[in-house]
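Single-structure report; data block below.
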Amino acid sequence: MGGQPLYLEPRLESRLRSLLTSPELLHTLTDALGSPLNLVVPDQLADNLRQFRAVYGTHHLSGQVFLAHKANRSSALLRRLAATDAGVDVASLGELQHALGAGLTPDRITATGPKNPEFLWLAARTSVTVSLDTRGELEQLARLVRRHALPRARVLLRLSGFEASGVRVLTRQSRFGTAVRESAPLLGAVERHADVLDLVGVAYHLDTTSPTEKAVALEGCLRVLEECRSRGLRPRAVDIGGGFGVNYLADGGQWERYTTELTEAVLGIRPPLTYGGHGYGLRNEAGTLRGTLGLYPAHRPVAGARYLDELLSHPAASLGGRPLAALLLEHLYDLHTEPGRALLDQCGVTLTKVLEVRDQEADGPLHLRLAAKADDVALEEHGVLMDPVVVPRDPAGRGAALTDPAGGDAVPRVLPGAGGDAGTEPVAVHLFGSRCLESDLITRRTVFLPRRPAPGDLLAFANTAGYCMDFHATRAQHQPAARKVAVWQESGRWRWCLDDQYWPTTPVGGAQ
């Protein structure tokens, strides 16, 4: 395609890097269990939790970290979570049943999301804390508790529509939660139902990466908590939801270069960088760039626990300019968080087998057909762009290749321990799924690989545990959805078992 390859190398920490340099294991698993195949790494979840707990410790805060269950359906991850001191945020009846069955006690579960009567009943019956989005939901829960003589229900009031004083800053609209300007009648309903509802605190859910918007929301929650106290209520917590983010890429320079050249491709300055000239939200109108780039900021040095730390250090402009963490501590409020993607960072890999490699005319990108569907590797669905790792069928001959962040832009190399020759020429490819749909693209982006893959090789998509494994997966055309296995290291070797057979005890019966 001319010019240097535009790599977007995935960030790989030690566990995933070790796993991807174990080609014999990866090929054995896909040969036995099929392609696509999801691998989850439960021990990494415990490590990520420790990083979040460290931030709580730095700011001398108490409270709970709840994994957002919806981010991954894995039993292994949930059972590993149960072996820690963390909790889980469930958003459906099925998720609540799954959490209880995995060993999480009700005091470590919070119920969020849209709720049907069965979900509300089981949450109240088991004394799970319920996050209420509307006054109607509050009234429905109160009726259920009275009608069935259930225990007094612990509740959070989820709020939205926050505003900052002074310079006007608005948080974006959300269909989750009650507008903060309507909190008075909501608190009035809590007071009327005080015999069956125990107000634990308030919460918010914002679909944004902006720390300023989240800080405005947290300030708004603190003001509502003061209003609660003035009414004689005794709230003790604020839940700030998730959205702490993940840094998917190893090299920020690669991300800057790619987005710059994508803009040039949309304007026609350089050849297209996507299948069919897709612009990811950008368009060319008579030589002028229009639209908004609809991609996740894949290189985010401040993400996960570091993002939480920065948010808590943010000055509360409308509350005297003191850090938000200091205000929480001063009022002895617990801080609850609900990371999904961030707590599952580096916790999974999706393996797909290469079925066909087809040359195109005029030196265009190769067409790769994979034994997977677009919704099996839903990185594109979330706007996440990063390269897969090639895991050859014959690692001794060719090696599993990545680009080298230390070696500058687009320098192919062999993963440590894989062996083989990394001197082959890089190639541009388009990745197609196995359904008979023109739209079944694993990614619209033209992907650059350090060498030409062959049928039977694997492409490993790293860091897919958070939302990208099974949040969108279907069985269309009777194509299989990806099976899932749990993997862990023991005495220097990788061990595995089927996901639903994993328990946080070793050895596991039937483990390989």
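The values are calculated or read from the model by the stated rules, or taken from the named source; none is laboratory data. Keep in mind that this is a model prediction, so the values were computed, not measured. Positions of Cβ are backbone-derived with ideal geometry, glycine not excepted, and every protein chain shown enters the neighbour counts. Accessible surface is based on the protein model in full, side chains and every heavy atom, while ligands, DNA and RNA are left aside. Shrake-Rupley method; radii C 1.70, N 1.55, O 1.52, S 1.80 Å.
Table for the structure above
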| read-out | value |
| --- | --- |
| Computed [θ] at 222 nm, helices only, for the chain once each DSSP H run of length n ≥ 4 contributes -39500 (n - 2.57) | -8000 deg cm²/dmol |
| Surrounding net charge for residue 271, when Lys and Arg each add one and Asp and Glu each subtract one, Cβ distance under 12 Å | -2 |
| Accessible area per residue, Å², the stretch 243-373 with all protein chains present, probe 1.4 Å | 41 Å² |
| Antiparallel DSSP beta bridges within the stretch 155-302, as percent of all bridges there, nearest 5 | 35 percent |
| Gain upon complete extension [residue 192, residue 210; 0.36 nm per residue less C-alpha separation] | 2.8 nm |
| Length-normalised contact order for the chain - Cα pairs under 8 Å, 6+ apart - percent | 21 percent |
| Distance (nanometres) between label positions extended 7 Å along Cα→Cβ at residue 60 and residue 355 | 6.1 nm |
| Residues of the stretch 22-143: accessible area per residue with a 1.4 Å probe, Å² | 33 Å² |
| Ordering of 380-391, 340-351 by packing [mean C-beta count within 10 Å, highest first] | 340-351, 380-391 |
| Extended-chain gain in nm, criterion 0.36 nm per residue less alpha-carbon gap, residue 46 and residue 97 | 16.2 nm |
| Between 0 and 90°, nearest 10: helix 42-58 axis offset from the chain longest Cα axis | 50 degrees |
| ³J(HN,Hα) computed for each position of the stretch 458-465 - Karplus, 6.51 cos²θ - 1.76 cosθ + 1.60, integer Hz, glycine/proline x | 10, 10, 9, 9, 7, 6, 9, 4 |
